[in-house]
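Visitor: One structure, as structure tokens, below. Some questions next.
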Amino acid sequence: MTRRTADRHQHTVTSMTHFSTISLATASMQLPVQDTNVPVSADTSSAGDWRELASLMLHELARAPRATWAFTEQIQPKADEEVPDLPTAEEPVSSETEASNEAEAADDSDAAEVDAMLAHLESELDGVEAPSAPLPDPWQARTITYCLRPAVLLTVIRLARTFVTLDAFAEAVAGPASLAVLCTGAPQLDKVLTKLLGRLITDADGWTKTAADTYLVAASDAVRGSGESTGQVFGALTEGARTAVERGSPVVLVAQSQAMLHPALKALAARIVQLAPLDREMLQVLLSHAYTAVSVDDDVMAHLPQDAVISRLDAESLTLALRAGDPVTALQKIAACIKPVSNDGPGLADFPLPAGVRGPVEQLVADLRAWQAGEIPWRDVSRGLLLVGPPGSGKTEIPRLIAKEAGVAVVAGSVAQWSSEGSRGSEVIKAMRGAFSQAAVKAPAVLFIDELDSFGDRARSPDHNSSYTDYIVTALLDLLDGFHGHEGVVVIGATNHLGKIDAAIRRPGRFDTVVEMGYPNHEQMPRAIKWQLAGDLPDVNLSEVAVAAVGMSGAEVAAMVRAARALARKDRRALTVEDLSAAVAAIRPPLPAEFHWAIAVHEVGHAIVGTATGLSRPESIAILPFGGVCAQIDASIIGRRSEIESLLAIDLAGRAAERLVLGQVCRGAGGPSTSDLARATQTAAALELSWGLGDSPAWLAPPEVAIAHMRRDAALRIRVGEHLQRAEAQATRILAANRPLLEEMAAALVERKLIAGAALDELTARVTMVVNSSEGSESPVVEQISMAQANSSKMLDYGPQVDSFRDKSGPQEHEGPA
């Protein structure tokens, strides 16, 4: 049985693994900088070199080496002694061992007697002769080394550089009625700084001459966690924070940034102190502490980039770098950690984007580059983008490409992701704040918030989730407003439904630019396929495959290319364009040829009515393997009832064309929520309930939920049905006036499968425009003029739809029967 008779460890303290050791005796300690027993004088506190303040702080920390938040403990053999082996039962204890323990036995005679008695009892029980002296303790020849954690050293260096002198530090953190918020700029350092200040302010033996009643706490712990508030400021504070403020005690709060502060803390009008960012000089001082045996001169520091890049070094990367055995290797690792994001591979220029989307995206990239180069101030950088479009339109790819082109980091999050960390509102907000904090740490960075519509709209009809929505949306607004003043962080949002986003979220100043995205059209599709091919088939003509793929989302194009690669791998050969065609056909089996005439009639109907009403301009019409599509760009409208009714006519023009030419309609206009009938029904319901253009001017529901009222309101169903019937009748009149052109264009579409550009413009220029001369009449008088006459007297503004009459995502696409 083995026992330890005493615990007589040799202790040392180091600032890092490579620091020179600091021997600890019973009550004294030697430091490389200054003897512990020498008191800090007033003259020392007034010194103007921040390095001296850093040394004082490190000196004070060394007085408490067992603080595990600041030090790690390592146990290792003494360098000049060998650890003795324990003797076995067959090996008697040597006289040398006995002699080496003689002094200890004299000091601990009582312990030795107890050991001898226990040994005698054991020998009697086990039949083994007891050794003549206590066994040697191998721990007596071990050294305990306390190593200062890199995050603590980094915090000390930045804190000292911020205040420079001890007097300035003491005045800020413990002056009469002082109220300060110290911002780390890095969430990993918040707890470290709080504990460091606790040691320097409250635990130190008066060296800072600070008040004993200083209230020190993390900013997040100074406010109530439930989010409940009984007053503008004090009602949101915890009892301890409120008491400290009311009695005039010095208050020190630690936060990641001013932007992350609770509104109640901002209202306290505290002094905001941002810790000095790490630069070349500070890092050189830090390394000189870490590698005392090697001189860290300017030549060694030449491995580093400029100060703006050095400031991005975080505590975790520093810890990993300082594991190196010498400063040169450590600096090489640091440089690798903070180097700008690589721009290798396909970039923004290769990504398929329409001109209306590419413009604001490239402007943001240019602004970020100019700001990093010091050419423009942060206030001139474009504010956030709000990307709107259906699933698979590339919304999540845009932030990554912007970050790559600008050489910045990207942080992504969503309500779904943040809710996975806890369903309570306070837990969601905590996770959301964490994402904003991470973006601030990585600045310059892009913070991407996906599915913004998931936050909800505070203006929607009250329900059991209304209070939760108010809570979450308000927290997001606070963060967005705070981060507009945080240099280096651009916020980009994305949504499938613009109309479902709270109006306060999407206002200018939070998201300056709304970018509407759609699926690649016939012009963008070849580039979309090339993007997914990633360099394969560089010289192959993809036009035929592109026509067949029109209508696919970006995600579907990616799946198609993966399927084509799988076909090539199966046959153990290189990828070919035939593989792409086969993959498209597998995903979207071609419709029988006899369907093509009905599809063509349907799509041409949309194009003619859109042109005749003057409210949309067709970009392309196509027969695809799965059906047909008519891509149109809507004109900006004021929103009169006549304009809304014309939009309904455009939606129902495909059905009207089928009835006129084929004698009956098919199901192609209906089906999913994106179909012609669904869109027209929602618009008609909104006309009655949301826009005050129906039988009553009363507002009853927002547009996106107006259609839900039809399920329980029979009278509303009748009125909506009447709107749809009148709209289809209007479309029929227009098509009847243009029937020869309708059939000519349909025949051309069956033959070509795609009509776009100048060829389509030439055909639509022959459309006869039908004008209702008596607006609002049940039986309007119809006038017919040519499009040439219309264009000579009226210039239409064709551009992205900016009104709220429809939830759009780029050019409108009317899909034909499948």
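Visitor: Give me E688, E281, E52 ranked fewest to most by other Cβ atoms within 10 Å of their Cβ, as a rough exposure proxy.
Guide: By the 10 Å Cβ count, ascending, the order reads E281, E52, E688.
Visitor: Oh, and also: If we sort 741-749, 352-360 on the protection proxy, mean other Cβ atoms within 10 Å, highest first, what's the order?
Guide: Highest mean packing first, the order is 741-749, 352-360.
Visitor: Using a 10 Å cut-off around each Cβ, can you sort Y471, Y519 from fewest to most neighbouring Cβ atoms?
Guide: Lowest to highest Cβ neighbour count: Y471, Y519.
Visitor: Quickly work out the E171-to-R369 label distance, labels modelled 7 Å from Cα along the C-beta direction, and quote it in nm with one decimal.
Guide: 4.5 nm
Visitor: Going through the cross-link list K404/K442; K333/K430; K191/K333; K333/K404; K333/K442, which pairs have a Cα-Cα distance over 24 Å in this structure?
Guide: Pairs exceeding the cut-off: K333/K430; K191/K333.
Visitor: OK, next. Among V584, W531, A568, whose Cα sits farthest toward the positive end of the charge dipole of the stretch 525-587 (+1 at Cβ of Lys/Arg, -1 at Cβ of Asp/Glu, about the Cα centre)?
Guide: Among V584, W531, A568, the one farthest towards the positive end of the dipole of the stretch 525-587 is A568.
Visitor: Taking 0.36 nm per residue of separation and subtracting the Cα-Cα distance, what length does fully extending L662 through A568 add?
Guide: This chain segment gains 29.5 nm when fully extended.
Visitor: Now, a different point. Across the stretch 476-631, how large is the tail of the calculated P(r) beyond 21 Å, expressed as a percent of all Cα pairs?
Guide: Taking all Cα-Cα pairs of the stretch 476-631, the fraction more than 21 Å apart is 61 percent.
Visitor: With the crude spin-label approximation of a point 7 Å out along Cα→Cβ, what separation in nm comes out for D213 versus A593?
Guide: 9.6 nm
Visitor: Based on the Cβ-Cβ distance of T674 and A748, what FRET efficiency does E = 1/(1 + (r/R0)^6) give at R0 = 30 Å, to the nearest 0.05?
Guide: Calculated transfer efficiency: 0.65.
Visitor: Students often get this wrong: which residues of the stretch 278-317 have the backbone nitrogen under 19 Å from the point 7 angstrom along Cα-to-C-beta of K339?
Guide: The answer is 300-314, 317, whose backbone nitrogens lie closer than 19 Å to the label point.
Visitor: Now for a separate question. What is the local net charge at V273, summed over the other residues whose Cβ is closer than 13 Å to its Cβ (Lys, Arg +1; Asp, Glu -1)?
Guide: +2
Visitor: Let me ask you something else. What does the highest-first list of 189-197, 263-271 look like by mean Cβ count within 10 Å?
Guide: Packing proxy ranking, top to bottom: 189-197, 263-271.
Visitor: Next question, about the same structure. Please state the Cα pair-distance histogram of the stretch 661-781 with 5 angstrom bins from zero: what percent is in each bin?
Guide: Reading upward from the zero bin: 2, 9, 14, 17, 16, 16, 11, 9, 5, 1, 0.
Visitor: Using the beta-carbon distance between A582 and H709 and R0 = 45 Å, what value does 1/(1 + (r/R0)^6) give for FRET efficiency, to the nearest 0.05?
Guide: 0.40
Visitor: Where does each of R433, R51 land when they are ranked from fewest to most other beta-carbon atoms within 10 angstrom?
Guide: With the fewest neighbours first, R433, R51 line up as R51, R433.
Visitor: Right, something else. Report the full-extension gain for the segment D380 to A504: residue separation times 0.36 nm, less the Cα-Cα distance, to one decimal in nm.
Guide: Full-extension gain reported as 42.4 nm.
Visitor: Tell me, what are the semi-axes, in whole angstrom and largest first, of the equivalent ellipsoid of the stretch 564-647 as set by the roots of 5 times the Cα gyration tensor eigenvalues?
Guide: 39, 15, 9
Visitor: Label point 7 Å out from R641 along Cα-to-Cβ: which residues of the stretch 659-685 have amide N under 20 Å?
Guide: Under cut-off, by backbone N: 680-685.
Visitor: Starting from the eigenvalues of the Cα gyration tensor, five times each then square-rooted, give me the equivalent ellipsoid semi-axes of the stretch 280-338, largest first, whole Å.
Guide: Whole-Å semi-axes of the equivalent ellipsoid: 16, 13, 10.
Visitor: A further question on this structure: Once fully extended, how much extra length lies between A116 and I718, figured as 0.36 nm per residue of separation less the alpha-carbon to alpha-carbon distance?
Guide: Contour length minus Cα-Cα distance gives 206.3 nm.
Visitor: OK, next. Say R0 is 25 Å: what FRET efficiency, to the nearest 0.05, do R271 and S426 get from their beta-carbon distance?
Guide: According to the calculation, E is roughly 0.35.
Visitor: Moving to a separate point now. Can you pull the one-decimal nm distance between simple spin-label points at T238 and A698, each 7 Å off the Cα toward Cβ?
Guide: Roughly 5.1 nm, to one decimal.
Visitor: Among residues other than L693 whose Cβ falls under 11 Å from its Cβ, what is the net charge (Lys/Arg +1, Asp/Glu -1)?
Guide: Around L693, the charge tally is -2.
Visitor: Still on this structure, please answer the following. What percent does the relative contact order of the stretch 280-338 come to when contacts are Cα pairs within less than 8 Å and at least six residues apart?
Guide: 37 percent
Visitor: Continuing with the same structure: How big is the charge dipole of the stretch 149-274 about its Cα centre, in debye rounded to the nearest 20, if each Lys and Arg gets +1 on its Cβ and each Asp and Glu gets -1 on its Cβ?
Guide: Taking the Cα centre of the stretch 149-274 as origin, the dipole is about 320 debye.
Visitor: If you find the alpha carbon centre of the stretch 597-665 and of the stretch 699-737, how far apart are they in angstrom?
Guide: Their Cα centres are 17 Å away from one another.
Visitor: Under the definition of Cα pairs under 8 Å and six or more residues apart, what whole-number percent is the relative contact order of the stretch 348-516?
Guide: Relative CO of the stretch 348-516 lands at 33 percent.
Visitor: Given bins 5 angstrom wide, list per bin the percent of all Cα-Cα distances in the stretch 149-274, short to long.
Guide: 2, 11, 22, 24, 21, 12, 6, 2, 0
Visitor: Ranked highest first by the average count of other Cβ atoms within 10 Å around their residues, in what order do 490-498, 363-371 fall?
Guide: Taking the mean over residues of other Cβ atoms within 10 Å, the ranking is 490-498, 363-371.
Visitor: Give, as ranges by residue number, the residues of the stretch 737-762 whose backbone N falls under 19 Å from the point 7 Å along Cα→Cβ of S543.
Guide: Of the residues in the stretch 737-762, 748-762 have backbone N under 19 Å from the label point off S543.
Each value in this text was obtained by applying a stated rule to the coordinates, not by laboratory testing. These numbers were taken from a predicted model, which means no experiment stands behind them. All Cβ positions, even for glycine, are placed from backbone atoms using ideal geometry, and neighbour counts span all protein chains on display.
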